[in-house]
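Chemist: Please find one structure pasted underneath; my questions will follow.
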Amino acid sequence: MKNILIITVAVIILLIGSVWWSNSLKNQNLSEGIEGLEQFTRTDRTHVQGEVAYEEMPPVGGRHANVWAACNGNIYDEPVINEQAVHSLEHGAVWVTYAPDLPEEQIDALKNKVRGYTFMSPFPDQTSPIMLTAWGNQLAVESADDSRIDTFLRKFRQGAQTPEPGATCNAVPGGMN
Amino acid sequence: MNNQNKIILFAGGLLLIVIAGMLFLETSRDKSVVPKESSAEVGFARDMSIHHQQAVDMSFLIRERTTNQEIRNFAYDIINTQATQRGMMLGWLELWNLPLTTTETPMAWMADEHMSGDMEVMRETFTPGAIMPGMATPEEMERLRASANIEAEKLFLELMIRHHQGGVLMAQGLVDQSEHEDMVRLAQTMVDGQQGEIEYMQGLLKRYK
């Protein structure tokens with residue numbers, strides 16, 4: 001009886017180990033954990049006119065404007081309209097925001113990271129110096145050289161969280177309104 | 001049988017079960033497995049790429065037929081999204097080394113019980129002369145081409161609402177029948193996204209009444 005017990009335990013350990021191992025092989029890059037990542041479930045994607053009361057600052061998803069903020073590597077010097085930015089998140093963009101008092105060299109370092117499916121703007125109401133937001137996902141960091149920034153960009157630009165895969169980040173031709 | 005043999009037999013049996021289980025897990029999540037010609041995945045990829053193409057065509061048309069910026073923006077969004085999603089679906093077929101088109105009847109991939117369960121939606125969205133649920137007939141496309149401004153906007157919204165209703169029905173059919181992780185995820189975004197756009201368009205349409 002004792003032998004059976006030992007064998008059973010050994011097999012169970014083997015089983016758990018192999019499942020863990022095969023999981024670790026799967027999409028290694030995309031399953032990278034990000035320390036401090038906050039996740040939210042946002043399913044309401046209704047188009048609305050006017051302002052929306054968002055819970056998070058910057059907002060992480062929910063109802064939004066009919067038009068999106070251009071998010072194809074666009075760098076804004078003024079805050080963007082929240083309702084338009086949320087529409088950009090729906091299209092799979094990562095929104096890089098910073099507190100307006102962030103030092104110039106930090107802002108420049110962030111600008112270098114802003115490419116396709118990324119946009120950047122100051123956000124006066126945020127509590128952290130730098131924040132990264134994708135639909136339903138948010139990360140606060142202190143400094144532009146934090147390695148989690150690149151991990152976040154790799155994982156979420158047109159990532160699996162995107163509610164509208166394939167949507168564009170280009171500005172609508174002929175004006176947004 | 002003595003005790004030692006029993007233990008060996010027991011251990012061997014357990015190991016076999018574990019190995020079988022692991023093999024099953026590995027193959028079921030292996031993305032390189034090619035779905036069968038008659039599968040829902042292959043049928044959906046082919047039919048939905050045709051379905052999407054008409055939405056793209058209708059959206060290009062309305063951008064030429066009206067100056068209403070909100071409608072034009074919305075059409076621009078549809079063009080980009082559905083054209084790219086078409087590419088994703090055709091890309092799967094290319095990867096699987098399968099023909100992009102078929103001589104099968106459209107919608108043949110959708111299980112009967114699913115079709116009859118949604119018979120009402122089918123009846124409402126399937127127009128005689130159209131090839132799939134929600135799709136516009138050649139005559140309807142011609143009417144859109146021949147109209148302008150408010151008349152064209154209303155017709156576009158009516159046709160696109162029905163087009164999306166049919167699209168939701170088809171995408172839900174794939175979600176219900178498939179275990180292909182990536183395709184199910186894409187189809188689920190179609191169900192949620194197009195459902196939201198239907199409500200948005202219904203709201204726009206009310207402004208004309």
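The values are calculated or read from the model by the stated rules, or taken from the named source; none is laboratory data. These numbers come from a predicted model, not from an experiment. Counting neighbours? That spans all protein chains shown, and the Cβs are built from the backbone with ideal geometry, glycine included. Please note that ligands, DNA and RNA were not included when accessible areas were found on the heavy atoms of the full protein model with its side chains. Shrake-Rupley method; radii C 1.70, N 1.55, O 1.52, S 1.80 Å.
Chemist: Could you list, in sequence order, the residues of the range A:47-71 that are under 19 Å from residue A:117 (Cβ atoms) and either in contact with a Phe, Trp or Tyr (Cβ under 7 Å, 6 or more places away or on another chain) or part of a loop (DSSP other than H, G, I, E, B) (or both)?
Modeler: Those that are under 19 Å from residue A:117 (Cβ atoms) and either in contact with a Phe, Trp or Tyr (Cβ under 7 Å, 6 or more places away or on another chain) or part of a loop (DSSP other than H, G, I, E, B) (or both): A:58, A:59, A:60, A:61, A:65, A:67, A:68, A:69, A:70, A:71.
Chemist: Determine whether the range A:134-149 contains at least one residue that is open to solvent by less than 70 Å² (accessible area, probe 1.4 Å), acidic (Asp, Glu), more than 11 Å from chain B (Cβ to nearest Cβ) and without any contact (Cβ under 8 Å) to a residue 60 or more places away in the chain.
Modeler: Of all residues in the range A:134-149, those open to solvent by less than 70 Å² (accessible area, probe 1.4 Å) come to A:134-141, A:143-144, A:146, A:148-149.
Narrowing the set further to residues that are acidic (Asp, Glu) leaves A:146.
Narrowing further to those that are more than 11 Å from chain B (Cβ to nearest Cβ): A:146.
Filter once more, so that each one left must be without any contact (Cβ under 8 Å) to a residue 60 or more places away in the chain: A:146.
Yes, because at least one residue in the range A:134-149 is open to solvent by less than 70 Å² (accessible area, probe 1.4 Å), acidic (Asp, Glu), more than 11 Å from chain B (Cβ to nearest Cβ) and without any contact (Cβ under 8 Å) to a residue 60 or more places away in the chain.
Chemist: Looking at the range B:82-100, which of its residues are touching a residue at least 24 places away in the same chain (Cβ under 8 Å) and either open to solvent by 40 Å² or more (accessible area, probe 1.4 Å) or part of a helix (DSSP H, G or I) (or both)?
Modeler: Within the range B:82-100, B:82, B:83, B:85, B:86, B:88, B:89, B:90, B:92, B:93, B:97, B:100 meet the criteria.
Chemist: Now for a separate question. How many residues are without any contact (Cβ under 8 Å) to a residue 12 or more places away in the chain and more than 9 Å from chain A (Cβ to nearest Cβ) if we restrict to the range B:166-201?
Modeler: Of the residues in that region, 1 qualify.
Chemist: Right, something else. Looking for something surrounded by fewer than 23 Cβ atoms within 10 Å (Cβ to Cβ), farther than 15 Å from residue A:167 by Cα and among the small types (Gly, Ala, Ser) - is there at least one such residue anywhere in the range B:39-53?
Modeler: Taking every residue of the range B:39-53 in turn, at least one turns out to be surrounded by fewer than 23 Cβ atoms within 10 Å (Cβ to Cβ), farther than 15 Å from residue A:167 by Cα and among the small types (Gly, Ala, Ser).
Chemist: Could you list all residues from the range B:60-78 that are open to solvent by less than 20 Å² (accessible area, probe 1.4 Å), free of Cβ contacts under 8 Å to residues at least 60 places away in the same chain and in contact with a helix residue (DSSP H, G or I) (Cβ under 9 Å, 6 or more places away or on another chain)?
Modeler: B:77
Chemist: For residue A:69, are the conditions met, namely being closer than 25 Å to residue A:102 by Cα and either within 14 Å of another protein chain (Cβ to nearest Cβ) or exposed (fewer than 14 other Cβ atoms within 10 Å of the Cβ) (or both)?
Modeler: Taking the combined requirement at face value, the residue satisfies it.
Chemist: Out of all the residues in the range A:72-122, which are of a type in the set (Gly, Ala, Ser) and in a helix (DSSP H, G or I)? Reasoning before the result, please.
Modeler: To start, the set of residues in the range A:72-122 that are of a type in the set (Gly, Ala, Ser) comprises A:73, A:85, A:88, A:92-93, A:99, A:109, A:116, A:121.
If the condition is that a residue be of a type in the set (Gly, Ala, Ser) and in a helix (DSSP H, G or I), then A:85, A:88, A:109 are the ones that fit.
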